[in-house]
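The values are calculated or read from the model by the stated rules, or taken from the named source; none is laboratory data. Keep in mind that what you see is a predicted model, and the values were worked out from it rather than measured. Cβ placement follows ideal geometry from the backbone for every residue including glycine, while neighbour counts extend to all protein chains displayed.
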Amino acid sequence: MRSIRLQFFSIIIVILLILLLLFNTYPLISSRDLVFQEKESGMLSQASVVAASLSGLDSLGRGGIEEVLRLMDVSGYGRVAVADEHGTLVYDSGGGGAPEELLRALEGKNVFRSDFDETAFFSACAVPFTTQNGQRGALYLYERDQERAGLIMTVQGRIRASSLAIAGLAIVLVLVFAELLLSRIRELVQSMRIVAGGDYEHRLKVKGKDEIAELGDEFNLLTERLDETEKQRRRFVSDASHELKTPLASIRLLADSVVQNDNVDMATVREFAADISSEARRLQRTTEELLDLSRLDDGVQRLSEPVDLKQVALDALVPLRPVAAERQVHLHPELSEGCVIMANTDDMFHVIFNLTENAVKYNVPDGDVWIRLEADEEKIMLTVADSGIGIPEEDRLNIFSRFYRVDKARSRASGGTGLGLSIVHDAVLAHGGSIAVGANKPQGSVFVVTFPRPDEEETGI
């Protein structure tokens with residue numbers, strides 16, 4: 001956090017320094033250049049007028065020059081000088097040698113120069129002229145303007161003071177804002193550490209409606225999902241342990257009964273062995289279903305291939321017909337041709353087998369089960385409906401949850417683990433399909449599985 005604060009503060013300081021530099025140089029330079037332009041225009045204009053008057057003299061005599069300068073009123077200049085064509089000063093109000101500008105003007109060019117040293121503007125100009133008798137000369141004007149320089153420096157000083165005050169206030173505001181911003185980030189980081197420590201019920205108190213608040217909302221949403229996932233994991237582990245523990249306990253109890261009883265007869269041994277075999281098959285089936293769920297959770301997809309759902313349905317009905325006959329349930333397959341999808345044959349077998357098996361087990365004597373396969377241009381639909389006991393409305397949202405049973409006592413009696421519909425749900429989604437559950441009228445339940453129909457290039461058919 002300190003490095004972020006330092007970087008943030010350094011950037012602001014650099015920006016403020018740049019702004020201060022601009023505020024304290026640009027106005028001064030702009031004002032100085034404007035005065036330079038004004039001085040050049042004004043002094044050269046007045047010098048040209050005075051030179052035109054000097055051109056009316058017959059000769060460059062001191063008396064005539066003084067008269068012209070008196071009439072032209074050049075008393076505001078610090079120095080006025082006139083030189084003849086040889087560079088000799090004919091008139092000089094200030095004294096000293098001939099200025100460089102004056103000598104350059106004798107070459108026939110107007111000359112101007114101006115300097116500024118924060119105390120005054122020092123400006124000088126020189127223009128050439130020719131008298132009535134053809135004598136060439138040059139006029140030199142020099143001015144020292146303290147008033148204009150003082151005004152500019154006063155304004156510049158006020159700008160400097162104002163900019164420093166604004167910069168100081170900006171630094172204070174930036175520090176306050178940075179501290180507020182970093183404190184919110186620290187709260188978010190602290191919340192992350194709390195969640196990383198295992199407290200998935202922790203929630204960040206979100207303030208405001210800015211990007212950090214949005215980040216906080218996303219963090220709370222993620223934490224909520226983690227909390228739900230952790231609860232599901234614990235519930236799954238607990239349920240799985242219970243499902244595995246129950247047949248193991250039964251197997252151990254039955255085996256101990258045989259081992260510890262010396263007088264047990266063969267018929268009893270066979271009965272206990274049959275019970276042990278049944279519990280072992282239940283344990284094996286639970287283990288296989290857990291492995292299937294683990295594979296689906298890990299996203300491990302089996303190789304997809306063209307699968308004819310009609311043939312898979314026919315294969316799945318073979319082991320179910322004896323079960324249906326034993327329970328006096330009638331199977332009604334209505335399977336259309338051309339229902340081919342890109343999937344895995346084993347996964348589709350589990351989907352059809354589990355849905356049909358549930359429809360048989362949770363049916364009524366002399367009940368019916370319909371297995372329909374239909375296809376159109378966009379989708380292929382599998383429907384498994386029954387006339388059985390149905391699913392209560394309040395349980396329909398949970399039937400695809402792992403180890404969930406609508407009728408727990410009856411499910412255990414029929415050998416169900418509560419994993420079949422979870423496997424169906426995950427397998428259907430893994431192959432790009434969808435599954436929905438509804439109710440038959442007046443009784444029973446119906447499951448509708450929909451897959452997108454692949455094109456001929458995918459299936460090769």
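Take R160 and decide whether it is modelled with pLDDT under 85 and either under 22 Å from I11 (Cβ atoms) or outside the structural domain of R233 (by TED's automatic domain parsing) (or both).
Numbers: modelled with pLDDT under 85: yes; either under 22 Å from I11 (Cβ atoms) or outside the structural domain of R233 (by TED's automatic domain parsing) (or both): yes.
Yes; evaluated as a whole, the condition is true for this residue.
Residues checked against (1) hydrophobic (A, V, I, L, M, F, W, C); (2) out of contact with any Gly (no Cβ under 9 Å at 6 or more places or on another chain):
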| site | (1), (2) |
| --- | --- |
| D73 | no, yes |
| S93 | no, no |
| D117 | no, yes |
| G134 | no, yes |
| L169 | yes, yes |
| V174 | yes, yes |
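Evaluate the following for L19: is it modelled with pLDDT of 85 or more, part of a helix (DSSP H, G or I) and within 23 Å of E118 (Cα to Cα)?
For L19, the condition - modelled with pLDDT of 85 or more, part of a helix (DSSP H, G or I) and within 23 Å of E118 (Cα to Cα) - is not met.
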| Taking A105, is it in contact with a Pro (Cβ under 6 Å, 6 or more places away or on another chain) and within 12 Å of L139 (Cβ to Cβ)? | yes
| Set E187, E230, E143: member being farther than 30 Å from A83 by Cβ, among the acidic types (D, E), surrounded by 14 or more Cβ atoms within 10 Å (Cβ to Cβ) and touching a Gly at 6+ places or on another chain (Cβ under 9 Å) | E187
| remark: Within segment 66-92, the residues that are under 17 Å from D145 (Cβ atoms) and of a type in the set (S, T, Y) are S75, Y77
| task | Determine whether A167 is in contact with a helix residue (DSSP H, G or I) (Cβ under 6 Å, 6 or more places away or on another chain) and either of a type in the set (G, A, S) or at pLDDT 85 or above (or both). | result | yes
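Results for (1) part of a helix (DSSP H, G or I); (2) in contact with a Ser or Thr (Cβ under 6 Å, 6 or more places away or on another chain); (3) at pLDDT below 70; (4) more than 30 Å from R203 (Cα to Cα), shown as yes or no for each residue.
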{"residue": "N220", "(1), (2), (3), (4)": "yes, no, no, no"}
{"residue": "E224", "(1), (2), (3), (4)": "yes, no, no, no"}
{"residue": "D227", "(1), (2), (3), (4)": "yes, no, no, no"}
{"residue": "E230", "(1), (2), (3), (4)": "yes, no, no, no"}
{"residue": "F236", "(1), (2), (3), (4)": "yes, no, yes, no"}
{"residue": "D239", "(1), (2), (3), (4)": "yes, no, yes, no"}
{"residue": "L244", "(1), (2), (3), (4)": "yes, no, yes, yes"}
{"residue": "D256", "(1), (2), (3), (4)": "yes, no, no, yes"}
| note | Of those in segment 11-41 that are surrounded by 14 or more Cβ atoms within 10 Å (Cβ to Cβ) and of a type in the set (S, T, N, Q), the residue farthest from G157 (Cα to Cα) is S31
| request: Kindly state which strands (runs of 3 or more DSSP E) lie completely within segment 304-360 and contain at least 1 residues that are over 24 Å from S387 (Cβ atoms) and assigned by TED's automatic domain parsing to the domain that holds F400. | output: 305-308, 340-343
| Residue tally, condition of a type in the set (S, T, Y), more than 42 Å from the chain's Cα centre (by Cα) and either surrounded by 11 or more Cβ atoms within 10 Å (Cβ to Cβ) or not in a helix (DSSP H, G or I) (or both), over segment 149-182 | 0
| note | Looking across segment 109-131 at residues that are touching a Phe, Trp or Tyr at 6+ places or on another chain (Cβ under 9 Å) and among the polar types (S, T, N, Q), the single one that is surrounded by the most Cβ atoms within 10 Å (Cβ to Cβ) is S123
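Where in segment 82-132 are there strands (runs of 3 or more DSSP E), lying wholly inside it, with at least 2 residues that are of a type in the set (S, T, Y)? Reasoning before the result, please.
On the way: elements: 89-92, 111-116, 121-130.
In segment 82-132, the matching strands (runs of 3 or more DSSP E) lie at 121-130.
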| query | Using beta carbons and a limit of 9 Å, which pairs, at least six apart or on different chains, have the first residue in segment 16-40 and within 23 Å of A170 (Cα to Cα) and the second one part of a helix (DSSP H, G or I) and of a type in the set (S, T, Y)? | reply | L19/S163; L20/S163; F23/S162; F23/S163; N24/S163
